Amino acid sequence: MSSPAITVLNDAEGLIYSALGNNDGTVVICGTGSIVFGKKGKDTFRSGGWGHLFGDVCSGFWFSERAIQETLKYRDGIINYDILFDEVKKYFKVSEADELSDIQKRKDFKTHIASFSSVFFQTESKITDGIIKEGLEDIIPRCLKMSEITESEKIYYHGGVFSSERFLSEFKKKLGKNIIKAPENIDYYMSLYKI
């Protein structure tokens with residue numbers, strides 16, 4: 001008796017099929033990690049999504065990591081004070097910035113660090129504006145290139161970072177394309193397609 005064929009997909013691949021079905025297009029995910037994925041015909045393409053060490057720019061982890069890095073620069077006396085630094089210390093429950101390096105010793109450090117991103121986006125400051133700009137300067141060219149590869153103007157977005165209206169509006173303004181929120185229930189939509 002033979003077993004049915006099973007195809008294993010990562011979340012980006014699953015989302016692209018659930019969002020696009022049999023159509024071509026691009027999906028950008030900015031959650032704990034980040035990736036830009038495209039589909040043209042039966043071919044799929046990726047940009048970024050290389051993990052927290054090598055390239056998850058515009059992910060919740062990345063925004064939070066950048067906030068911690070800037071807080072430590074302030075601690076070292078090489079940049080001026082920003083309200084963000086107090087928010088970082090308060091969120092991670094440390095009295096001194098030096099204690100922030102201990103976060104990376106936690107088993108769940110990626111999720112824990114990424115969870116700060118909601119506070120990050122609520123903190124209006126020169127530093128957060130700069131970090132958002134830095135992130136968009138990386139993710140926007142990836143989206144545009146993928147749109148060019150897939151020959152489709154539609155770009156679907158998904159992930160917790162997009163729940164920030166501040167980030168989403170900047171993303172839409174800079175991209176200037178047909179931006180569509182991806183379906184919420186990925187499993188349901190994936191079940192509609194024989195993947």
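The values are calculated or read from the model by the stated rules, or taken from the named source; none is laboratory data. These numbers were taken from a predicted model, which means no experiment stands behind them. Positions of Cβ are backbone-derived with ideal geometry, glycine not excepted, and every protein chain shown enters the neighbour counts.
Worth a mention:
- Segment 20-35 residues that are at negative phi and crowded, with 24+ Cβ neighbours inside 10 Å, paired with ones that are β-branched (Val, Ile, Thr) and at pLDDT below 90 (beta carbon under 6 Å, 6 or more apart): Val27/Ile16
- Checking every residue in segment 76-84 against the condition of being out of contact with any Lys or Arg (no Cβ under 6 Å at 6 or more places or on another chain), assigned to a helix (DSSP H, G or I) and either touching a residue at least 12 places away in the same chain (Cβ under 8 Å) or among the hydroxyl-bearing types (Ser, Thr, Tyr) (or both) gives at least one match.
- In segment 118-132, the residues that are farther than 19 Å from Lys73 by Cα reach residues that are not hydroxyl-bearing (Ser, Thr, Tyr) with C-beta atoms within less than 7 angstrom, at least six apart or across chains, in these pairs: Val119/Glu87; Phe121/Arg166; Phe121/Phe167.
- Looking only at residues of segment 37-75 that are of a type in the set (Ser, Thr, Tyr) and touching a residue at least 24 places away in the same chain (Cβ under 8 Å), we find that the one that is surrounded by the most Cβ atoms within 10 Å (Cβ to Cβ) is Ser59.
- Some residue of segment 88-101 being part of a loop (DSSP other than H, G, I, E, B), touching a Ser or Thr at 6+ places or on another chain (Cβ under 9 Å) and surrounded by 20 or more Cβ atoms within 10 Å (Cβ to Cβ): no
- Residue, modelled with the lowest pLDDT, within segment 161-183, restricted to residues that are over 22 Å from Phe45 (Cα atoms), loosely packed, with under 13 Cβ neighbours inside 10 Å and not hydroxyl-bearing (Ser, Thr, Tyr): Lys173
- Residue list for segment 102-149, filter: charged (D, E, K, R) and under 18 Å from Leu175 (Cα atoms): Asp129, Lys133, Glu134, Glu137, Asp138, Arg142, Lys145, Glu148
- Residue count for segment 1-35, restricted to those that are at pLDDT 70 or above and small (Gly, Ala, Ser): 8
- Residue in segment 102-127 that is surrounded by the fewest Cβ atoms within 10 Å (Cβ to Cβ), counting only those that are aliphatic (A, V, I, L, M) and under 17 Å from Gly160 (Cβ atoms): Val119
- Matching residues, segment 37-75, being of a type outside the set (Phe, Trp, Tyr) and part of a helix (DSSP H, G or I): Gly60, Ser64, Glu65, Arg66, Ala67, Ile68, Gln69, Glu70, Thr71, Leu72, Lys73, Arg75
- Residue selected from segment 126-160 under the condition part of a loop (DSSP other than H, G, I, E, B) and in contact with an Asp or Glu (Cβ under 9 Å, 6 or more places away or on another chain), by the criterion modelled with the highest pLDDT: Glu151
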